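See below for the structure under consideration.
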Amino acid sequence: MKTCKKSVLALGIQASLFAAAMGLSPALMAQESDKDQAQEEAKLERIMVTAQRRVQSTQEVPISIATLSGEKFDALFSGGEDIQALANKIPGLYAESSNGRAAPRFYIRGLGNTDFDLAASQPVSVIMDDVVMENVILKSFPLFDIAQAEVIRGPQGTLFGRNTTAGMVKFTTARPTQDFEAYTKLGVGNLGTLNFEGAASGGLTDEISARLSVLSQNRDDYIDNGFTGEKDFTGGHEEKAARLQLQYESGDFKALLNVHGRDLDGTSSVFRANVLTKGSNELNENYDRDTVYYNDGDGNFQKYENFGSSLTLEYDFNGMTLTSVTAQENADGNGKGDIDGGTEAGPGFIPFQAVTEDQLDDLEQFTQEIRLASDTETGLEWQVGAFYFDSSFGVTSIDGFFGATSVYHENKSWAVFGQSTYDLNDRWDVTAGIRYTYDEKDFWVGQQNVDGFALVIGAAAVQDYDPINVDDGQVSWELATNYRLTESTSLFARVANGFRAQSIQGRDVAFESAPSVADSETIQSFEVGGKSDLLDDSLRLNGALFYYTIDDIQLSAIGGQSQGNQLLNADKGTGYGFEVDAEWRASKNLVIGGGFSYNNTELEDANLLVAPCGSGMCTPTDPLDANGRAYIDGNPFPQAPETIATVNARYDIPVPSGEIYFYTDVAYQGKTNLFLYESEEFHTDGNYEAGLRIGYLNFDNEYELALFGRNITDQDNLKGAIDFNNLTGFVNEPRIYGIEFKKSFY
C-alpha cells in the first residue's frame, strides 16, 4: 500500500513539474481582489465565506470570523513554513507543536490542548475542502494552492460537530476551472531553502475540468552537534505534496474528485537542555540556535506519509441542493527525539537521559456527510444533514527505558443536524441550529516489549490493562441574530453550545502506568459583536465580545515529576475577552490591516492537583500540598496567549507595465503560561515576529519577482518546554530570507 501511495504522489509531482517546464503552471496569481475595481475606487473587496455551509459575505454572518487569502496568505508561507505559521497572524488564533511540522496544536480564544501524543484530542477542528482532519498528523497537511483560510471562532457544534468547542480553521483549495489558468512559483533562500509550488487548471471536455497542484519544500540541516562535532546535523526538512482534482458539471449535477498525498522527511522539535535558568524565563548562555548537544535521537528525525481522497456530489432540484461528501484519509510514519536535549555531560545538570520514538501505525479515517439545503436567499433558508465518522490507528512508543509498547484506538461517531435562518424583515434575521451527536471510543493495549534495563530497575515485564470502551450522546445547539443598522453596518449576537467527546490517552502504558480517560466537556458560549464597512467602504472594522464556560474541561497533565501524560477533567473553565479585525484602504496605493485580541482564561477547581517540575529544578508559584503537588485553581489555560496583536501594511508604486510594492507584517504574543501550573520559568511574554516582502509585479506578462524575509529580526522566542528532567526548551523558526519568482498563465 505504501508503494502505491508513493507512486501516486511521485507521478503527480513529476507531471506538474513537466507541465511547469512546458509553460503550463499554478494558482491564481491573478491580482484579483486588490488589483481590480476595488483598488481603482479605493475600496475594500467583498469577502465571501462558507462558515455556515453556504456562500455568504463575512459581513452578513452572525459569527466572529477572520480570513486569509491571496497575497497575505502567500507572504506568510514564502519561506517554506508549515501550518503553524498561522499562529498569532489572526487575533485569537495560536498554534504550536513539540512534534516539529507533523502535529500542530491549535488554540482559539485561549482554548486548546497541550497533549503532544499522536492520539491527542483537540477542541479546534481543522477542515480541509469540507473534510474534517481529526488526527494531529492529518491536521498538518501542507498548505498550497489555497483559495482561502477561514478562522471561525467559538463553538461550532451545530454544523461541524463534536470537538469544535473552541472553533475551527477551515481551508478551501483552488478549484478546477474550464478556462485555462496556471502558475509556477520558485523560492530560493538561506539555509539551503528551496521551495516550488505550482498548479495547472483547465477544461478537458465541455463537462470535465481538472486541476493539478504540487508543492516541494526543502531546507538543509543547519544545526551542528556540539557533542559529536558533526556539522549540519539536524534542523532541515524535505516535504512533497500533490493534489489532483477532477470536476464534472452537467446541468444540475456536479461531482468533484479530490486525490491528494504528502511525504515528509523532516526534523521533530529541537529540544535544548537547560536553556532556562532557575528563577528566570529568559534564554541563557546554554542556548545557541545553531548548536545542540545530542547523544541520542538520530537527529530528531520525523517521517510521515499521508494519502487521501474525497468525492463531493451536488444535485440541484426544486429550489434545493443535495450534497454528499465521502472521504478517506490514511497516514503512517514515525518520529524520534532526544527529549532531555543534551548528554550526561550537559549542558547543565541532566538527571537522566531520555529518548523517545513514536510511530503512527495505519491511520484510517472514513467520513460521510449528506446535506440537503434550500437555495433561497431571502425569507427562510434551511439545511439538514447527517454525518458519519470512523477512525482507527495504533501508536507505538519506544523509549530508552521501557522498550516498545503499542496501543490502539478506534472511534465511531454519527450525527444528525439542522439549521435555519429566517428574515424577520429586510434588516433583521434569526438563525437557529441543533445537532445530536453520538460518539464511541475503544482502546486496548497490544504488544509490550520490555527491555533489560526496565527489568533491572524493577518494572514488570508486562502489565495487563483491560480494554476501555466509552460512549456519549449529546445535543449541541445555537441561536444567533444579525441586525443591519445600515447597508454597511450590522450587529450580531450568538449563544452556542457544544461538546468535545470523551478522550482516552494510553501513552503512559509505555511507562508502566495505566491509561487515562477524560469525560466529555461541554461549553456554553455568549458573544455579541458588530461588523461595518465605513468611509465609503474603505475601512472594514469587525469586533466581538465573548464569554464562555466549560463544564468538565478536558486537560492534559504533561511531564512534571510524574513524567506522565494523564488526562483529567477540571470542574470548570471560563474565558472572556474580545477581538477586533480591521482593514483600511487609506488610498489606492496603501492598505493597512491588523487586529487585536484579549483572552482571559481561568481554571476553576479548588481540589485539582498536578505534579510540577521534577527534581525541584523550577520555581512553582502555585500553592503546594504535602506531596509537592500544585493546586492549579485560578490558573490560566496552558498555551493561551492573553493578548495577540497583528499589523500588516502594503504600499505600491505604479511603474510601466506593473508596480513595485512593499509588504510587511508584525505579530505579537502576550503573556502565555506553558503548563497547567505556574512557575517563574515556564511562561513567555512579548514574543513577536516580523515579515517583509519587496516585489515587482509585471501585469502585462503576468509575473512577479520578490525579495522576502520571515522572522526578519531573528527573534529567539521560547515556544514550549520539557519540565520532567531539566529546564529544556524549544524555540521558533530562524530567520529565513530569499528571492521568489512567480509566473502565471491564462
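The values are calculated or read from the model by the stated rules, or taken from the named source; none is laboratory data. Since the structure is predicted, the reported quantities are computational estimates derived from the model, not experimental observations. Quick reminder, even Gly has a Cβ in these numbers, built from the backbone with ideal geometry, and neighbours come from all protein chains shown. When the accessible area is computed, the model is the full protein with side chains, heavy atoms only, and any ligands, DNA or RNA have been set aside. Shrake-Rupley method; radii C 1.70, N 1.55, O 1.52, S 1.80 Å.
Odds and ends about this structure:
- Being touching an Asp or Glu at 6+ places or on another chain (Cβ under 8 Å), open to solvent by 20 Å² or more (accessible area, probe 1.4 Å) and aliphatic (A, V, I, L, M) is a property that LEU603 lacks.
- Region 157-169 residues that are within 13 Å of VAL132 (Cα to Cα), paired with ones that are open to solvent by 10 Å² or more (accessible area, probe 1.4 Å) and hydroxyl-bearing (Ser, Thr, Tyr) (beta carbon under 8 Å, 6 or more apart): ASN163/SER121
- Scan of region 98-111 for residues that are open to solvent by 10 Å² or more (accessible area, probe 1.4 Å) and within 11 Å of the chain's Cα centre (by Cα), ordered by number: ARG101, ARG105
- Across region 263-320, the qualifying residues are those that are charged (D, E, K, R) and under 30 Å from THR672 (Cβ atoms), and the one among them that is surrounded by the fewest Cβ atoms within 10 Å (Cβ to Cβ) is GLU285.
- Among the candidates THR376, THR356, residue that is at pLDDT below 95 and over 31 Å from the mean Cα position of the chain (by Cα): THR376
- Identification of helices (runs of 4 or more DSSP H) wholly contained in region 1-117 with 3 or more residues that are at pLDDT below 55 and more than 25 Å from TYR548 (Cβ to Cβ) yields 2-21, 32-35.
- Residue pairs meeting the criteria (Cβ under 6 Å; at least 6 apart or on separate chains; first surrounded by fewer than 24 Cβ atoms within 10 Å (Cβ to Cβ), in region 499-516; second assigned to a strand (DSSP E or B) and basic (Lys, Arg)): ILE504/LYS441
- When residues of region 716-746 are limited to those that are open to solvent by 10 Å² or more (accessible area, probe 1.4 Å) and hydroxyl-bearing (Ser, Thr, Tyr), the one modelled with the lowest pLDDT: TYR746
- Within region 640-654, residues that are closer than 15 Å to LYS89 by Cβ and without any contact (Cβ under 8 Å) to a residue 60 or more places away in the chain have Cβ atoms under 9 Å from residues that are among the charged types (D, E, K, R) and assigned to a strand (DSSP E or B) in these pairs: VAL647/ASP665; ALA649/ASP665, counting only partners at least 6 apart in sequence or on another chain.
- Condition check for THR228: open to solvent by 60 Å² or more (accessible area, probe 1.4 Å) and either within 26 Å of the chain's Cα centre (by Cα) or of a type in the set (Ser, Thr, Tyr) (or both): yes
- Applying a threshold of 6 Å to beta carbon distances and a minimum spacing of six or more residues, or different chains, the list of pairs starting in region 387-400 at a residue that is open to solvent by 10 Å² or more (accessible area, probe 1.4 Å) and ending at one that is modelled with pLDDT of 95 or more and of a type in the set (A, V, I, L, M, F, W, C) reads PHE387/ALA415; TYR388/TRP414; ASP390/PHE366; PHE393/LEU363.
- Each residue in region 691-715 was checked for being open to solvent by 70 Å² or more (accessible area, probe 1.4 Å) and assigned to a loop (DSSP other than H, G, I, E, B), and 3 pass.
- Filtering region 336-351 to residues that are open to solvent by less than 10 Å² (accessible area, probe 1.4 Å) and either of a type in the set (Gly, Ala, Ser) or free of Cβ contacts under 8 Å to residues at least 60 places away in the same chain (or both) leaves GLY337, GLY341, GLY342, GLY346.
- Region 194-219, residues that are over 24 Å from GLY236 (Cβ atoms) and open to solvent by 20 Å² or more (accessible area, probe 1.4 Å): ALA200, GLY203, LEU204, THR205, ASP206, GLU207, ILE208, LEU212
- Checking ASN163 against (1) touching a helix residue (DSSP H, G or I) at 6+ places or on another chain (Cβ under 6 Å); (2) at pLDDT below 95, the condition it does not meet: (1)
- Pairs linking a residue in region 222-251 that is under 12 Å from VAL270 (Cβ atoms) and among the hydroxyl-bearing types (Ser, Thr, Tyr) to a residue that is at pLDDT 95 or above and open to solvent by 30 Å² or more (accessible area, probe 1.4 Å), with Cβ atoms under 7 Å and 6 or more positions apart or on different chains, are TYR222/LEU191; TYR222/ASP232; TYR222/ASP290; THR234/ASP221.
- Qualifying residue in region 311-330 (condition: within 30 Å of the chain's Cα centre (by Cα) and over 30 Å from PHE389 (Cβ atoms)): no
- Candidate set from region 446-473 (those that are modelled with pLDDT under 95 and under 35 Å from the mean Cα position of the chain (by Cα)); member that is surrounded by the fewest Cβ atoms within 10 Å (Cβ to Cβ): ASP466
- Strands (runs of 3 or more DSSP E) wholly inside region 182-247 that include at least 2 residues being aliphatic (A, V, I, L, M): 193-203, 208-219
- Residue pairs meeting the criteria (Cβ under 7 Å; at least 6 apart or on separate chains; first over 13 Å from GLY729 (Cβ atoms), in region 256-283; second open to solvent by less than 10 Å² (accessible area, probe 1.4 Å) and β-branched (Val, Ile, Thr)): THR267/THR234
- Output for region 552-566, where each listed residue is over 15 Å from PRO612 (Cα atoms) and either open to solvent by 20 Å² or more (accessible area, probe 1.4 Å) or not in a strand (DSSP E or B) (or both): ASP552
- One residue stands out in region 517-542 among those that are open to solvent by 50 Å² or more (accessible area, probe 1.4 Å) and more than 29 Å from the chain's Cα centre (by Cα): the one that is nearest to ARG494 (Cα to Cα), namely LEU534.
- Any chance ALA432 is assigned to a strand (DSSP E or B), more than 25 Å from the chain's Cα centre (by Cα), at pLDDT below 95 and not acidic (Asp, Glu): no
- Number of residues in region 299-349 that are touching a helix residue (DSSP H, G or I) at 6+ places or on another chain (Cβ under 9 Å) and closer than 23 Å to GLN247 by Cα equals 5.
- Residues satisfying the criterion are present in region 234-253 (criterion: among the charged types (D, E, K, R) and closer than 20 Å to PHE730 by Cβ).
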